[in-house]
Amino acid sequence: MSTTEDFITELAKAHRDVSTCPPPEMVITFFDHLLSVLFPEFAHKRQVDESGIKRILDKCRSELRDILDQNEDCVQSGRAGLEDAFFEKLPLVRKALLEDVDAIFAGDPAAGSKGEIIRTYPGFYAMAAHRIAHELLKLGVNLIPRIISEHAHRQTGIDIHPGAEIGDHFCIDHGTGIVIGETTKIGSHVKIYQGVTLGGLSVKKEDAKKKRHPTIEDNVVIYSGATILGGNTVIGTGSIIGGNVWLTKSVPPNSKIYYQAKMSNTEGETDTITYK
């Protein structure tokens, strides 16, 4: 056979062997429709009565059913009742997102209104994707949550793994370049700025099921460019982590951690991290 024929044979085998999964566009359409009914700021047409809302929710339910029917290999716990279980969580998802909006509005002087935050802030969009994807993941759905979270990543520059656990009143300011790893745990009333990494110390495949990412307790502020690594690393309640700090060890509650740059000289002074 010619090289072209060999290549065609290779592609045909790849198409035969690929695991079943709906195209990403189908999942993203479902996410967009769901977001438009949860938040009318995203809707092409406002629904002014309950029948219109019910019609869109029924459409979203049908879209999710079609997605899961094409994704049976990725549903861990069986299909029975899964759509109902997910849609029963939507009131809590919307409530959590409205609390995120409250936190962003309180924490950003540039926010003119809560509607502005919903319509334009990448942090809100990323969290909407995360809270929806996280609920699907908790119900035993694989891959589909990653498609949703990676769509938001492409749209916003904010990379949140759907497995991360994030508490209420979460505030992302600016957001570009934020990375939040799979086993991260974040408490309530936490605020993080652009360029923050909550990552793992290990990239070994055998550590995949271990807690590899840090725990951030309540009322913590993490400023831009900070990197916090490791599954055993805990940032205590009420702490402030300054910009460009690199941490691989825990800090106690109410700590203030700053990066302090020093000019190099003949005495060998180096950059330091200051604990208060």
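If we scan segment 97-108, do we find a residue that is assigned to a helix (DSSP H, G or I), closer than 30 Å to Asn219 by Cβ, in contact with a Leu (Cβ under 8 Å, 6 or more places away or on another chain) and not assigned by TED's automatic domain parsing to the domain that holds Val190?
Kept after step one, since they are assigned to a helix (DSSP H, G or I), are these residues of segment 97-108: 97-107.
Remaining after also requiring closer than 30 Å to Asn219 by Cβ: 97-107.
The next check asks that each one be in contact with a Leu (Cβ under 8 Å, 6 or more places away or on another chain); those that pass are 97.
Filter once more, so that each one left must be not assigned by TED's automatic domain parsing to the domain that holds Val190: 97.
Within segment 97-108, one or more residues are assigned to a helix (DSSP H, G or I), closer than 30 Å to Asn219 by Cβ, in contact with a Leu (Cβ under 8 Å, 6 or more places away or on another chain) and not assigned by TED's automatic domain parsing to the domain that holds Val190.
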Flagged in segment 148-182 as crowded, with 21+ Cβ neighbours inside 10 Å and among the polar types (S, T, N, Q), in numbering order, are Ser149, Thr156
Within segment 230-238, is there a residue that is farther than 23 Å from Glu99 by Cα, without any contact (Cβ under 8 Å) to a residue 60 or more places away in the chain and in a helix (DSSP H, G or I)?
no
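Conditions (1) under 20 Å from the mean Cα position of the chain (by Cα); (2) within 26 Å of Asp100 (Cα to Cα); (3) modelled with pLDDT under 90, marked per residue:
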position	(1), (2), (3)
Ser19	no, no, yes
Met26	yes, no, no
Asp32	yes, yes, no
Ser36	yes, yes, no
Phe42	yes, yes, no
Ile53	no, yes, no
Leu57	no, yes, no
Gly78	no, no, yes
Within segment 1-44, considering residues that are within 22 Å of Leu136 (Cα to Cα) and among the polar types (S, T, N, Q), the one surrounded by the most Cβ atoms within 10 Å (Cβ to Cβ):
Ser36
Quick check: is even one residue across segment 147-154 in contact with an Asp or Glu (Cβ under 9 Å, 6 or more places away or on another chain), hydrophobic (A, V, I, L, M, F, W, C) and in a loop (DSSP other than H, G, I, E, B)?
no
Would you confirm, using the coordinates I've provided, whether Ser202 is in a loop (DSSP other than H, G, I, E, B) and either touching an Asp or Glu at 6+ places or on another chain (Cβ under 6 Å) or surrounded by 15 or more Cβ atoms within 10 Å (Cβ to Cβ) (or both)?
no
Would you mind stating whether Ser62 is in the same structural domain as His33 (by TED's automatic domain parsing), assigned to a helix (DSSP H, G or I), among the polar types (S, T, N, Q) and modelled with pLDDT of 95 or more?
no
Kindly evaluate Arg131 against the criterion of being outside the structural domain of Leu64 (by TED's automatic domain parsing) and basic (Lys, Arg).
no
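The values are calculated or read from the model by the stated rules, or taken from the named source; none is laboratory data. None of these values were measured; they are calculated from a predicted model. With ideal geometry, Cβ positions are generated from the backbone for all residues, glycine too; neighbour counts draw on all protein chains shown.
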